[in-house]
Amino acid sequence: MSIRPILIHPDPRLKKICAPVEGVDPSLRKLADDMMETMYDAPGIGLAAPQIGVLQRLFVMDFSGKDTPPDPMALFNPEVIWASEEKNTYEEGCLSIPDMYEEVTRPAEVKVRYLDLDGKTQEMQLDGLGATCAQHEIDHLNGKLFIDYLSRIKRSMITNKMKKLKKERALL
Ligand code: NI
């Protein structure tokens, strides 16, 4: 396993619609392992493939929290097949937009269909943090970031901060 560099917004690769995977082969399982390690190292609760520059439809997540055993999940070709009318608002962050947190409102419950690590079709019903996390990660696969839900002014403020951060990092 290896830790991959995480792309920071703005980056054209974070705005792309990712391609579906055709089955889950050993190289995709290796990719999911790397993403898992990268996510835990960051640390974060979710990471989508485009965030490490791979434009394929997969993400990893573990929203179990500090006080419970780890519960890593890898989802390939995930899609929301049902969403509740009821909404939930969470303060979201993103490993590609470090240290920025803003409230985003999304459906409170979703049902997600995906391929698991064995390439088998699975369905999972999520609520709470898990529902928000899965929707945030699926957005990544469609080139959408959580700041796209914010006002234009807030979005450009955050984008300018990220441009500055990238310049500072490049100088190190
Ligand atoms: Ni994110």
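Across the chain, the mean sequence separation of Cα contacts (distance under 8 Å, 6 or more residues apart), normalised by length, yields a relative contact order of 24 percent. A helix-only calculation puts the chain at -9500 deg cm²/dmol for mean residue ellipticity at 222 nm, using -39500 (n - 2.57) for each DSSP H run of at least four residues, averaged over all residues. Quick one: with all protein chains in place, what share of the accessible area of the chain is carbon or sulfur, to the nearest percent (1.4 Å probe)? C and S atoms contribute 52 percent here. The peptide list 32-45, 7-20, 152-165, put in order of mean Cβ contacts within 10 Å with the highest first, becomes 32-45, 7-20, 152-165.
For the pair the range 53-81 / the range 100-160, the C-alpha centres are spaced 11 Å from each other. Rolling a 1.4 Å probe over the heavy atoms of the protein chains gives the chain an accessible area of 55 Å² per residue.
With no solvent and one equal point scatterer per Cα, compute the Debye intensity ratio I(q)/I(0) for the chain at 0.10, 0.17, 0.18 Å⁻¹ and report its log10, rounded to two decimals. Relative scattering, expressed as log10 I(q)/I(0), comes to -0.36, -1.08, -1.22.
Which whole-number percent is the relative contact order of the range 1-91 (Cα, under 8 Å, 6+ apart)? Write out the running numbers ahead of the final one.
On the way: 116 pairs, mean separation 25.7, N = 91.
For the range 1-91, the relative contact order is 28 percent.
Once backbone amide H atoms are built at 1.01 Å from N, residue 46 has 62 as its partners under 5 Å, excluding neighbours fewer than 5 places away on the same chain.
The values are calculated or read from the model by the stated rules, or taken from the named source; none is laboratory data. Treat the numbers as computed from the prediction; the structure is a model and nothing was measured. As a convention, Cβ positions derive from the backbone with ideal geometry for all residues, glycine included, and neighbour counts pool all protein chains shown. Accessible surface areas use protein heavy atoms only, side chains included; no ligands, DNA or RNA. Shrake-Rupley method; radii C 1.70, N 1.55, O 1.52, S 1.80 Å.
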